[in-house]
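Below is one structure, written out as structure tokens; the observations come after it.
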Amino acid sequence: MTAIIGLTGGIGSGKTTVANFFKELGVPVYIADDAGKEVMQSQTILSEIKAAFGEEIVEKGILNRQKLAAIVFADQEKLQQLNAIVHPAVANHFKLWLSNHQQFPFIIYESAILFESKGNEKCNKIITVTAPLSVKLQRVMTRDTATEEQVLLRMKSQWSDDQRVAKSDFVIENIDLEKTKSQVVKILKIL
């Protein structure tokens, strides 16, 4: 049976960079956030989101993710409401994806909220990616053209690095790309 290796880390930690290193080394990688974006465009999920958050969240048939983010990251209950709509759809999407990758000894399941969504319960091992707060802030502010306040608000809705690290089998500190890649190679040899 294919082992599921969870890959997580806070916003701006560099999970995508680490996931891409695994991909380059031939390991199939499932990105839960990308799957979430994909399922949120399905008419069924889109209509559930509209019903829960109002018509103005959808413009010309397309979800306005920035408006939705402004609502859910400012209100924990709204975030839980969105997760209750999206997570089951992503879980089904993942099951289908996994069934198409059974020939591999293991796959990487990347999720920013692996522990918060209880995704860790389906994982055989867990890798957490960390980086100093200042580095994470800078990465996200640059990537998303967001303010420090917006990024900190999003960070507040996630577990801390300390919480994740305490429940992980491996930790990758992602500051220097070469060192990060060598940590990935080392973990791959262990797996």
With a point put 7 Å past each Cα toward its Cβ, work out how far Arg143 is from Arg65 in nm, to one decimal. 1.1 nm
Cα-Cα separations in the chain greater than 22 Å, expressed as whole percent: 49 percent
Taking all protein chains as present, what is the carbon and sulfur share of the accessible area of segment 1-89, in % to the nearest whole number, probe 1.4 Å? 53 percent
Difference of contour (0.36 nm per residue) and Cα-Cα distance, Ala74 to Leu25: 13.8 nm
Sorted by packing (mean other beta-carbon atoms within 10 Å per residue), highest first, where do 64-77, 26-39 land? 26-39, 64-77
Contact order normalised by length for the chain, with contacts defined as Cα pairs under 8 Å and 6 or more residues apart; what percent is it? 39 percent
Counting heavy atoms of the protein chains only and a 1.4 Å probe, report the per residue accessible area for segment 34-191 as a whole number of Å². 59 Å²
Sorted by mean Cβ packing within 10 Å, highest first, what order do the peptides 137-145, 104-112 take? 104-112, 137-145
Rounded to the nearest Å, what's the spacing between the alpha carbon centres of segment 131-159 and segment 35-83? Just the number, please. 21 Å
If I take R0 = 41 Å and measure r between the Cβ atoms of Ser99 and Val165 in this structure, what FRET efficiency does the formula 1/(1 + (r/R0)^6) give, to the nearest 0.05? 0.85
Percent of Cα pairs exceeding the 17 Å cut-off, where the set is segment 30-137: 60 percent
The chain: antiparallel DSSP beta bridges as a percent of all, rounded to 5: 10 percent
List every DSSP H helix in the chain whose Cα atoms extend 30 Å or more along the helix's own long axis and whose mean Kyte-Doolittle hydropathy is at least 0.0. none
Calculated from DSSP H runs of 4 or more alone, at -39500 (n - 2.57) each and per residue, what is the 222 nm mean residue ellipticity of the chain, nearest 500? -16500 deg cm²/dmol
How much net charge surrounds Val151 when only other residues with a Cβ under 14 Å from its Cβ are counted (Lys, Arg +1; Asp, Glu -1)? +2
Which of Gln81, Gln103, Gln150 moves the most in a Gaussian network model of the chain with Cα springs under 10 Å? Gln103
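The values are calculated or read from the model by the stated rules, or taken from the named source; none is laboratory data. Keep in mind the model is a prediction, meaning the values are calculated, not measured. Using ideal geometry, Cβ is built from the backbone for each residue, glycine included, and neighbour counts are taken over all protein chains shown. Ligands, DNA and RNA are stripped out before the accessible areas are found, and what is left, the full protein with its side chains, is counted by its heavy atoms. Shrake-Rupley method; radii C 1.70, N 1.55, O 1.52, S 1.80 Å.
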